[in-house]
Structure formats: C-alpha cells, structure tokens
Amino acid sequence: MTSLSGKRIIVTGGSSGIGRACAERFGSEGARVAVNYYSPGEAGDAAAVVEAITKAGGSGMAVQGDVSSESDVIALVGSVVKAWGGVDVLLNNAGIEKQIPTLEMSLEDWHRVIETNLTGTFLCTREAGKVMQEQKAGVIINMSSVHEFIPWPGFAHYTSSKGGMKLFMGTVARELAPSGIRVVNVAPGAIVTPINTFVLDDPEAKHAVESEIPLGRMGRPEEIAATVAFLASDEASYITGTTVVVDGGMSLYPKFV
Ligand code: NAI
Ligand code: BGC
C-alpha cells in the first residue's frame with residue numbers, strides 16, 4: 001500500500017471503468033476523492049463509487065461536469081477547494097473513443113474526441129495546476145494509452161488526442177517542476193471496461209486483441225489503479241515528465257517478424 005491518507009484527489013470520469021477503480025483504490029488508502037461524472041444519468045453510479053470509497057475508509061463527493069466545458073471545470077476544481085482547501089492529486093481520466101475511418105470522419109466526431117480527451121486534460125490541468133502552484137505541491141496524472149505511440153486505424157481522432165497528451169504532459173511537467181508539481185502519463189493497453197464493450201461482446205474480436213498481448217489477456221482496471229496509486233504517492237517522488245506503460249506487453253508488438 002502507498003500512503004495517500006487525507007490526500008485531496010480529483011478523478012475525472014470517475015463513475016466507471018478505470019476511473020472508478022482508481023477512485024476506489026484512493027478511497028481504500030484513506031484519501032478524499034472528488035468523483036467527477038459526466039451526465040446526470042451517471043449520478044447513481046458516481047454515488048455508488050462514493051459509497052464504496054467511504055466504506056473503504058476514505059471520504060468522497062460526486063461532482064457532475066463535462067471536462068470539455070471551461071465553466072464546468074472551473075466549478076469542479078472550485079468545489080473541491082471549497083470543501084477541502086486544496087487539490088493534491090488530479091487524475092485526468094475522462095475519455096471517449098469511436099471507431100470511424102478518417103475519410104468518413106465528421107468534424108463533429110473529431111471535435112468531440114479531441115475536446116473530451118485533450119482539451120479536457122488541458123482545462124483540468126490548468127485549473128487544478130493553479131491551486132497546486134499556490135501549494136507548491138501536487139501530482140497530475142493523465143490516463144493516456146498505448147495509442148499515445150501506437151497508430152490505430154479507425155481512431156485518428158483518438159490517437160491524435162492521446163499523442164497530444166504526451167507532449168502536453170512533458171511540456172507541463174517542465175513548466176510546473178519548479179513549483180514542486182509532478183506530471184505523469186499512464187498508458188494502459190487493452191483493459192476490461194465499458195469503453196471496450198465493442199470488443200468484449202465479440203469473441204472473435206476479443207481473441208484478436210488477446211493475441212496481441214504477450215501476457216495473453218486483457219488487463220483489469222485495478223491493475224491500472226495500482227500503478228496510479230503508486231504514481232500519486234511520495235513513493236514516486238522522483239518521477240515526472242514520462243509515460244508509464246501498463247499493457248501486458250502489448251507494445252512489444254508480438255506479431256512483428
Ligand atoms: P469508460 O467508458 O468506462 O470511462 C470513461 C469515463 O469518462 C466515463 O465515466 C465517461 O462518462 C467519462 N466521460 C466521457 N466524456 C466525459 C466528459 N466530457 N466529461 C467528464 N467525463 C466524461 O472507459 P475507461 O476504459 O475506463 O476509460 C478511462 C480512460 O482510460 C479513457 O481516457 C481511455 O481513453 C483510457 N484508456 C482506456 C483503455 C481501455 O482499454 N479500457 C486503454 C487505454 C486508455
Ligand atoms: C482503447 C481501448 C483499446 C486499447 C488497446 C485504449 O486506448 O481505449 O479500446 O483496447 O487502447 O488497443
């Protein structure tokens with residue numbers, strides 16, 4: 001276990017999948033966790049995450065908001081500062097994907113993915129970063145992807161957003177290091193979450209994905225949460241400006257001959 005007791009943490013897109021696992025892991029370490037969720041329809045799931053956090057020994061609150069909306073992000077960070085007096089850790093986790101060939105992609109499709117994944121990361125980083133700069137301490141973790149560096153046909157908006165997150169992370173890491181703030185990306189491979197329903201519901205597609213992974217299986221959200229908890233803690237005090245890959249070996253390109 002790492003030590004996150006009492007830490008004030010924001011998890012965007014925290015009502016499902018990887019975000020949920022991270023929020024619950026933070027809770028089990030005694031942290032105070034703001035569980036951001038996107039739509040009113042996810043309020044019940046977010047409340048369940050807060051309940052799990054509380055049962056595990058932490059405390060939490062659910063905060064609705066769209067990470068691509070400047071006013072929502074200002075309100076999200078403001079509500080955490082109001083409740084807890086600061087922000088120690090920001091997990092930029094919210095993200096979406098939608099398979100569509102580039103030549104058929106509408107501008108709206110492009111904007112939606114870029115604005116959620118990349119602009120959302122920027123807005124949350126800017127707002128929480130201001131608070132952390134005052135504190136002269138903080139950790140910003142971005143949920144990137146192996147598609148930060150692996151091209152993926154049908155997902156040009158998604159790979160562009162994740163590739164963008166790589167240089168965003170490195171640049172901000174340099175800007176904020178003098179203020180005692182670390183900035184790190186986590187790059188998961190294929191993880192069993194709702195974003196992968198299109199693969200999980202199709203045995204052939206699932207087998208094809210698994211055959212790309214040397215460990216022979218998709219990852220569990222808790223396996224990403226374990227890495228995130230480490231990076232958020234002082235155990236990772238000398239790690240900034242880099243991407244930690246958690247992918248069962250997927251990025252070793254096992255089919256390459
Ligand atoms: P998920 O679909 O369970 O979670 C995504 C969350 O983001 C949802 O709770 C959704 O409501 C939220 N969200 C979407 N748009 C939002 C917005 N505008 N504002 C606030 N929240 C919003 O999927 P998963 O897998 O947990 O995804 C989490 C992150 O992990 C994403 O950034 C994804 O790109 C990344 N990732 C996932 C991998 C996987 O294989 N599951 C692999 C690599 C990266
Ligand atoms: C995507 C998943 C995919 C994984 C590995 C992630 O960024 O969200 O859908 O399974 O990369 O390709």
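The values are calculated or read from the model by the stated rules, or taken from the named source; none is laboratory data. Since the model is a prediction, treat every value here as computed from it, not as a measurement. Cβ atoms come from the backbone with ideal geometry, glycine included; neighbour counts cover every protein chain shown. Just the protein is used for accessible areas: all its heavy atoms, side chains included, with ligands, DNA and RNA removed. Shrake-Rupley method; radii C 1.70, N 1.55, O 1.52, S 1.80 Å.
At-a-glance table
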| quantity | calculated |
| --- | --- |
| Residues located in region 194-249, provided they are of a type in the set (F, W, Y) and either part of a strand (DSSP E or B) or without any contact (Cβ under 8 Å) to a residue 24 or more places away in the chain (or both) | Y238 |
| Flag if G6 is touching a residue at least 12 places away in the same chain (Cβ under 8 Å), surrounded by fewer than 24 Cβ atoms within 10 Å (Cβ to Cβ) and out of contact with any Gly (no Cβ under 6 Å at 6 or more places or on another chain) | yes |
| Any hit, region 113-131, residues being more than 19 Å from G17 (Cβ to Cβ), out of contact with any Gly (no Cβ under 7 Å at 6 or more places or on another chain) and within 10 Å of ligand 2 (Cβ to nearest atom) | no |
| Failed criterion for V131 (all others in (1) assigned to a loop (DSSP other than H, G, I, E, B); (2) away from ligand 1 (no atom under 13 Å from the Cβ) hold) | (1) |
| Only listed residue being hydrophobic (A, V, I, L, M, F, W, C), away from ligand 2 (no atom under 16 Å from the Cβ), touching a Lys or Arg at 6+ places or on another chain (Cβ under 9 Å) and open to solvent by 20 Å² or more (accessible area, probe 1.4 Å), chosen from W84, W110 | W84 |
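To keep it simple, each residue is scored yes or no on (1) open to solvent by less than 20 Å² (accessible area, probe 1.4 Å); (2) more than 11 Å from ligand 2 (Cβ to nearest atom).
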{"residue": "K162", "(1), (2)": "yes, no"}
{"residue": "V192", "(1), (2)": "no, no"}
{"residue": "G216", "(1), (2)": "no, yes"}
{"residue": "G219", "(1), (2)": "yes, no"}
{"residue": "A225", "(1), (2)": "yes, yes"}
{"residue": "T243", "(1), (2)": "no, yes"}
{"residue": "P254", "(1), (2)": "no, yes"}
